[in-house]
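The values are calculated or read from the model by the stated rules, or taken from the named source; none is laboratory data. No experiment lies behind these values; they were computed from the predicted model shown. Here the Cβ is made from the backbone with ideal geometry for all residues, glycine too, and neighbour counts use every protein chain on show.
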Amino acid sequence: MDKKKALLISSVFLAISIFLIKSYVDALRAELTQNFGPEIGVVVAKESIPEYGIIRSDMLEVVPVFKNFIQSQTVTVALGDEIAQKKAINDVAGKAAYVPLYPGEQITLTKLVHQDGKPVLDKQVEKKMRAMTVAVSSTNGVGRFIRPGNHIDVLTTVRYETSGVEQFEVKTVFQNVLVLATGKILQNSVPTKVTREVLSALEAKFEEQRRKDLYTTNVDTGTSRPDDNYTHMTLQLTPEDSDKLLFLQHTLGDAKLYYILRNNADTSVASIETTILDQILGPDSELGRSKIKYPSSPSTVKPRYYDTEGEKITPIF
């Protein structure tokens with residue numbers, strides 16, 4: 001009975017404590033709202049974003065900020081509206097940071113632009129990585145549907161002789177390679193002076209013309225039509241992979257290199273074996289049957305012993 005009474009008293013005091021704390025917080029919030037304005041949702045950086053780094057949606061979040069503390073040109077949204085918050089984050093995602101952004105820093109449109117509207121490629125290359133340009137055509141480059149910011153695999157075909165027999169192989173040499181640029185279009189080509197009014201006007205015009213291909217990638221800037229007539233792509237590779245790709249270019253030729261588009265969400269690097277003709281045709285083919293080794297005939301097998309019947313010697317297998 002004493003334990004139940006003690007538990008009841010504790011619960012009552014807990015409820016009173018919660019009520020008092022809530023009342024204090026509400027009073028303090030009302031006072032702050034009166035002094036600094038109502039709270040508004042603001043898009044901020046969730047983690048550090050380097051200069052000229054591509055901003056992903058998982059790097060952003062919406063937090064409440066009092067109106068008087070909101071910076072000019074900041075991306076804002078009404079609190080409690082999850083759909084609007086998601087849209088606001090998607091509007092920022094895919095753009096590049098003009099300056100380094102730190103956790104909790106408000107995202108303003110003035111921090112998403114480049115000097116004179118000219119993107120700087122060296123700022124986009126990750127540390128300890130290299131940018132390398134390769135020739136591409138509609139045949140070996142997915143019909144030139146590859147866009148800056150996409151990820152690709154690099155395949156090659158090899159023909160050589162071993163022991164006087166010609167061999168032909170297909171090999172995936174690189175996986176999950178970032179495309180920095182197609183032609184002269186970089187992955188974060190953003191205009192310098194952008195306001196919300198300009199963006200709204202552009203979006204309305206694009207909707208009017210129904211040019212849906214402007215939004216085919218999450219890094220498309222929405223300011224110019226993607227160029228499908230490029231003849232070169234710039235890839236981001238490690239120094240070692242750059243050497244290998246250069247070797248393949250000069251020994252096999254650009255026509256023997258194929259660039260395969262992959263989903264940007266798929267970042268896995270799998271162990272892929274070299275493909276040869278035997279694997280494709282299989283054993284149920286003329287090539288497969290020609291390589292089947294049949295057991296030797298009994299005449300060529302050494303007898304276990306010899307049996308003698310009079311003067312006749314008979315081998316026993």
Self-check item: Number of the exception - GLN175 against (1) without any contact (Cβ under 8 Å) to a residue 40 or more places away in the chain; (2) in a strand (DSSP E or B); (3) of a type outside the set (A, V, I, L, M, F, W, C)
Solution: (1)
Quiz item: If a residue has to be loosely packed, with under 10 Cβ neighbours inside 10 Å, at pLDDT 70 or above and of a type outside the set (S, T, N, Q) to count, how many in the range 295-309 make the cut?
Solution: 5
Quiz item: If you go through the range 95-106 one residue at a time, how many are in a loop (DSSP other than H, G, I, E, B), touching a residue at least 60 places away in the same chain (Cβ under 8 Å) and over 24 Å from LEU180 (Cα atoms)?
Solution: 2
Quiz item: Quick one: ALA93 ticks every box in (1) modelled with pLDDT of 85 or more; (2) in contact with a Leu (Cβ under 8 Å, 6 or more places away or on another chain) bar one, so which box is it?
Solution: (1)
Quiz prompt | Matching residues in the range 149-172 - criterion: being touching a residue at least 24 places away in the same chain (Cβ under 8 Å), touching a Lys or Arg at 6+ places or on another chain (Cβ under 9 Å) and assigned to a strand (DSSP E or B) | solution = HIS151, ILE152, ASP153, LEU155, THR156, THR157, VAL158, GLN167, PHE168, GLU169
Practice problem: Check whether at least one residue in the range 40-62 is more than 35 Å from the chain's Cα centre (by Cα) and modelled with pLDDT of 85 or more, and report yes or no. | Solution: no
Quiz prompt | Lone unmet requirement of (1) touching a residue at least 60 places away in the same chain (Cβ under 8 Å); (2) in a helix (DSSP H, G or I) for LYS4 | solution = (1)
Quiz prompt | Test for ASN90: is it in a helix (DSSP H, G or I), under 30 Å from ASN150 (Cβ atoms) and polar (S, T, N, Q) | solution = yes
Self-check item: Inter-residue pairs, beta-carbon under 7 Å, first within 13 Å of GLN175 (Cβ to Cβ) and touching a residue at least 40 places away in the same chain (Cβ under 8 Å) and in the range 250-271, second surrounded by 11 or more Cβ atoms within 10 Å (Cβ to Cβ) and among the acidic types (Asp, Glu), 6+ apart
Solution: ILE260/ASP153; ARG262/ASP153
Practice problem: Considering only the range 31-53, state which residues are touching a residue at least 40 places away in the same chain (Cβ under 8 Å) and assigned to a strand (DSSP E or B). | Solution: GLU39, GLY41, VAL42, VAL43, VAL44, ALA45, ILE49
Quiz prompt | From ARG130, ARG144, residue being touching an Asp or Glu at 6+ places or on another chain (Cβ under 8 Å), of a type outside the set (A, V, I, L, M, F, W, C) and in the same structural domain as PHE247 (by TED's automatic domain parsing) | solution = ARG144
Quiz prompt | Members of the range 30-61 that are over 21 Å from TYR98 (Cβ atoms) and touching a strand residue (DSSP E or B) at 6+ places or on another chain (Cβ under 6 Å) | solution = PHE36, GLY37, GLU39, ILE40, GLY41
